[in-house]
Each structure stands twice: as structure tokens, then as C-alpha cells.
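The values are calculated or read from the model by the stated rules, or taken from the named source; none is laboratory data. Note that the coordinates shown come from a computational prediction; the quantities given were computed from them, not determined experimentally. Cβ atoms come from the backbone with ideal geometry, glycine included; neighbour counts cover every protein chain shown. Each accessible area value is taken on the protein alone, full model and side chains, heavy atoms only, with ligands, DNA and RNA left out. Shrake-Rupley method; radii C 1.70, N 1.55, O 1.52, S 1.80 Å.
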Amino acid sequence: MPLAKVNSTGSVWEDRKAENWVQDALQVVRRAVEAPSVGVELSSRWPRLGDTLAVHVKVPPPRTPVGWIRREFAKRFSGGELHVTLDGIECQCFPKQGSQSSGAKAGKSEVWRALVPFTPLDAPGKRELVVALKDGRKKVHRETIGVVDVEFPTESIWLPKQKSNLHMTDLEREKTDAFREVRSEDQLWDKPFVRPCEGPVTTEFGMKRYYNGVFARGYYHRGVDYGASEGTPVYAPANGLVSLAGKEEEGFVIHGNCIGLDHGHGVASIFMHLSELAVREGEYVRRGQLVGRVGDTGISTGPHLHWGLYVNGACISPTSWMRGIVT
Ligand SMILES: [Zn+2]
């Protein structure tokens, strides 16, 4: 008992009290830094190229005042308390709808979610997923997932010279880049996505292409094409904010007349080649609401709707979103 030697003037009883106090303090510190029971749930351990992986993390509240202070500090100064990485690359997390405010008030667990896109250009194979709390508690979860390869079909398309030589204008590039960079904190979608247009799928998501006989490297069909006649209504597949309303006459020479919707949490839709726009930038639209009409504007080989669905800037397949697998 080293403490008894230090506190040599006191009684054995006082020595014992001092020792208990130290033990209690150590216990508090240990609780503040020990691994809490963080629950991690994945939408799949074997996502396919083109899929979106949803990582749900249930974060218990800190157990001590020191933990609360550290958490607040992490939230304000180091970009949040929770960090999800895949092979060391940070995946942005958002609190799942309703879980944060009510959870924080009641001192309950908060549920956070990271959405991770896998594109047809990504390499299949193993990835290491790490979930860490940066509020003084150590790394809490580590697991390996396997990204499954998909053989995407290829097609050859032939464009007339005047269309194949077109390049995006500065305005078009700037506006469409900005559209993909939006990461709104409010989740606006609340149900599985619906198809935005009548008509058969004429070009699937992920199709690789030969343009005028030359294989287009780094290209994959960033969306789904629906064959439909000019003027066919185009509906919002989910609730969202109109974050882009581009017109061919203003410089959208590739996309044509187009509408971009921000669904929140880094999820966004774009509708291209429209004949008409039915909504304006900044407008809130509900799932199933008319946003425009099918057309043949921009770089297009006949009237059709191109719907591109993006997650954190990467275009992914809408299939799992329409089936409600990603929640
Ligand atoms: Zn297309």
C-alpha cells in the first residue's frame, strides 16, 4: 500500500479513505476513455459495385461530465464526435432523422449514418471499415467488408460530329459540380424512391461505352435512361429541394435543360435532356411532384429521360434506393 506510506501521519482508516478516493477517481477516468457499447449495423457486408452501403452507428451518451465536455469539444472543433473511415478515407456521417435531438435531450443513444457509394470504376475486393469516437474514447469498431465485382454491359453509340465535339461550358461545369457537392444536414426523403418517368429502361446504370468506335475510359453511364416521348411528365422520385435548374440556352450544352434535386445527407438526383422545366431553384418538391418534361436537349440521341442519382458526389445505381434497402 504505497499510499499508507505517503500519508504516514494519518490513521489506517484515513489511509483507507484516501485509497478509495483514488480508486474512484481512476474508475471515472477509465469509464471516460474505455470502449463503450457502440452498435454498428451495415446494410450489407458484401456491397456490389454501383451499390450504396449504409453504415448505422448507435453512439451511447458519454458516461461522465468529462466525456460530455470532450464530446462537445469534438463536435465544435474537430469535425464531429464520430468518424467512419473505409481504407482510411473519411465517410461523412449525419445524425439519423429524429435520433439526435430527442436522443441528446433524454441522454439516450444517438444513431448516426454514413452513406458510402461504390461506383463501377471502384476496385472490387476487401476494405477495412473503422468506426471511431473522437471524444476521448478510443477506436471502437473495426471490420472487413468485401466489395463484389459486377460485369457492366458495354454499348457502342454513334453521335453526329457536331454533337460529339461538344464540351461543357464553364457555367455548366460550375453549376453541375456545385450540385454534386451539396451535403445538406436535413434528410428530406422519407420513403423508397419511385421511378421518375413512364417508359422502358433503354440504357441501364453503369453501362460502359464506345463513342464513335473508341472505348471511353473512366466513363460509365451515370444514371438510368427511360425511353419516353417528348413531353412525358417527369416526377420527383423523393422529396427534395431544387438545387439546380439549368437551361440549354444558358449554356447547358451537354446536360440540356435539367433539374437537380437535393434530397439531403449528400443524396441528389439530376434529370437531364428535358424539354421543359416545371420547378425553380430553391423550391421544395414532394415525392411524385412534376418537375419537368421529357425532351431531347443537350447531348442526346432522341427523346428520353436521364436520371442520375448521386451519393456524396458519386453516381450510384438507384435500384437499392427504389427497393428501400437503404434507409
Ligand atoms: Zn443517360
Calculated over segment 144-264: convex hull of Cα atoms, volume per residue (Å³): 172
Qualifying chymotrypsin sites (Phe, Trp or Tyr not before Pro) for segment 115-217 [loop in DSSP, other Cβ within 10 Å: at most 14]: TRP158
Calculated Rg and Dmax of segment 203-245 using C-alpha coordinates, Å: 14.4, 40
Non-local Lys pairs in segment 137-276, i.e. 8 or more apart or on different chains, that have alpha carbons under 29 Å apart: 10
Cα gyration tensor shape of segment 227-267, rounded if a/c is under 1.5, else prolate or oblate by comparing a/b with b/c: oblate
Solvent exposure, largest accessible area first (probe 1.4 Å, DNA, RNA and ligands not counted), of LEU49, LEU277: LEU277, LEU49
Relative contact order of segment 165-271, pairs being alpha-carbon contacts under 8 Å that are 6 or more residues apart, as %: 36
Full-stretch length increase - GLU181, ILE299 - with 0.36 nm per residue and alpha-carbon distance subtracted: 40.2 nm
Local electrostatic count, GLY231, Cβ distance below 15 Å [Lys/Arg +1, Asp/Glu -1]: -3
Length-normalised contact order of segment 233-327 in % [C-alpha pairs under 8 Å, at least 6 apart]: 30
Spin-label model distance (nm) - GLU249 vs VAL214, 7 Å beyond Cα toward Cβ: 3.4
Residues whose placed amide H lies under 5 Å from that of VAL291, excluding near-sequence neighbours: VAL234, TYR235, ALA236
